[in-house]
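**Q** For reference, the structure I am asking about is given below.
Read-outs throughout are calculated quantities, based only on the coordinates presented, and are distinct from any laboratory measurement. This one's a predicted model, so the numbers in the text were calculated from it and none came from an experiment. Backbone-built Cβ (ideal geometry, glycine too); neighbour counts: all protein chains shown.
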Amino acid sequence: MATSAEVTIETDDGAMGAFEAVPDAEPKGAIVVVQEAFGLTSHICDVAVRLADAGWRAVAPALFHRQGSPVLAYDDLASVMPVMGQLTAAGTRMDLEASLDYLGTADEQTGVVGFCMGGTLSFYAATLRPLGAAVTFYGGGVDQGRFGLPSLVDLAPTLQAPWLGCYGDRDANISVESVERLRAAAATAPVATEVVRYPEAEHGFHCDDRPAVFNGAAAHDAWARTLQWFDHHLGG
């Protein structure tokens, strides 16, 4: 069984809360889990625990710490959008770098995985350092940049970490055509990249706290691929 705790990560903009999960045995490496647009939800904390159960030390930072670290309801987009809209390129970079530094592992033994908004930012993190591996679940901003960042297509050639992207064909916000453009752009990076599409999956398909969009088959396959990606690129 993994052990978990609420922790604090220091940033230049003050303390950032986070959730950390640690395996009982010596960790194989360390992974940053980047939150959804809804804050540091129970689902994101559960992802950190799952990673710890698989042998990885995992930390999930509360990227909305400048806004008071709210956790927002999945059906309350009216509250979500203004909070997410306050993210900036400088702030997200600061928080990602602080989270990676908090783990204290060598870059090649450190990974990042993100969901929704966090999927975009996990991709961005993989352009900042030569990390061991990165995984994106349905990260937006593929053709048009978000949070003051370039689009993922434009960022793709600068990837420094092996990157896996998991997308659903029924995502109302990310078209299949965009995903295929991202696949082609990522293939130009000097690292291993892979994109997996799930024909029956919608945006948020991995989140079992959202029965309206959760897709068990896609979630199971994408999670298995995620663990394999980390084992191969971080553990190998």
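**Q** How far is it, in nm, from the label point at Asp101 to the one at Thr8 when both lie 7 Å from their Cα along the line to the Cβ?
**A** Label-label distance for Asp101 and Thr8, simple model: 1.6 nm.
**Q** Can you tell me which of Gly39, Gly14, Gly111 moves the most in a GNM of the chain? Springs connect C-alpha atoms under 10 Å apart.
**A** Gly14
**Q** A follow-up question, please. DSSP loop (so not H, G, I, E, B), at most 16 other Cβ within 10 Å: list which GluC sites (Glu not before Pro) in segment 157-208 pass both filters. Spell out each step's value before the answer.
**A** Values: sites: Glu177, Glu180, Glu194, Glu200, Glu202; in loops: Glu200, Glu202.
Taking segment 157-208 and a limit of 16 other Cβ atoms within 10 Å, the loop GluC sites (Glu not before Pro) found are Glu200.
**Q** Only bridges whose two residues both fall in the chain count here: according to DSSP, what percent of them are antiparallel, nearest 5?
**A** Numbers: 14 of 37 bridges.
Roughly 40 percent of the DSSP beta bridges within the chain come out antiparallel.
**Q** Which number do you get for Rg(Cα) / (2.2 N^0.38 Å) in segment 1-119? Spell out each step's value before the answer.
**A** Numbers: Rg = 13.7 Å, N = 119, 2.2 N^0.38 = 13.5 Å.
Output field value: 1.01.
**Q** Still on this structure, I have one more. Ala217 to Arg197: extension gain in nm, 0.36 nm per residue of separation minus the Cα-Cα distance? If you can, show how the numbers build up before the last one.
**A** On the way: separation 20, 0.36 × 20 = 7.20 nm, distance 1.24 nm.
Once the chain is fully extended between Ala217 and Arg197, it gains 6.0 nm.
**Q** Pulled fully out, how much extra length does the chain show between Asp209 and Ala184, if you take 0.36 nm times their separation in residues and subtract their Cα-Cα distance? Show your work: numbers first, answer last.
**A** On the way: separation 25, 0.36 × 25 = 9.00 nm, distance 3.23 nm.
Using 0.36 nm per residue and subtracting the Cα-Cα distance, I get 5.8 nm.
**Q** Counting just the Cα atoms, what span does segment 3-233 cover along each of its three principal axes? Round to the nearest Å and put the largest first.
**A** 40, 40, 33
**Q** Go ahead and collect, in residue order, the members of segment 1-29 whose backbone nitrogen is under 20 Å from a label point 7 Å along the Cα-Cβ direction of Val71.
**A** 2-9, 15-22
**Q** Using the Cβ atoms and a cut-off under 13 Å, what net charge is assigned to the surroundings of Ala219, where Lys and Arg are +1 and Asp and Glu are -1? Kindly include the intermediate steps, with their values, before the conclusion.
**A** Values: positive: Arg50, Arg210, Arg225; negative: Asp46, Glu200, Glu202, Asp208, Asp209, Asp221.
Combined, the nearby Lys, Arg, Asp and Glu give -3.
**Q** Which residue fluctuates most in the GNM of the chain (Cα springs below 10 Å): Ala90, Ala18, Ala37?
**A** Maximum fluctuation in the GNM of the chain, among the listed residues, is at Ala90.
**Q** Once the other residues with Cβ under 9 Å from the Cβ of Arg170 are scored (Lys, Arg +1; Asp, Glu -1), what is the net sum? Don't jump to the answer; show the numbers that get you there.
**A** Details: positive: none; negative: Asp169, Asp171, Glu200, Glu202.
Summing Lys and Arg as +1 and Asp and Glu as -1 gives -4.
**Q** Can you pull the three principal axis extents for the Cα set of segment 140-236, in Å, largest first?
**A** Principal-axis extents of segment 140-236 (Cα, largest first): 37, 34, 22 Å.
**Q** Add -39500 (n - 2.57) for each DSSP H run of 4 or more in the chain, then divide by its residues: what number comes out at 222 nm, to the nearest 500 deg cm²/dmol? The partial results should precede the final answer.
**A** Values: 7 runs with 80 residues, N = 236.
The per-residue figure over the chain is -10500 deg cm²/dmol.
**Q** Of Val22, Ala89, Ala5, which is farthest towards the positive pole of segment 3-233's charge dipole, taken about the Cα centre with +1 and -1 on the beta-carbons of Lys, Arg and Asp, Glu respectively?
**A** Selected residue: Ala89.
**Q** Further question on the same structure: Please state the charge dipole magnitude for segment 153-236, taken about the Cα centre, from unit charges on C-beta atoms (+1 on K and R, -1 on D and E), reported in debye and rounded to the nearest 20.
**A** Numbers: 6 positive and 12 negative charges, 34 e Å.
Magnitude of the dipole: close to 160 debye.
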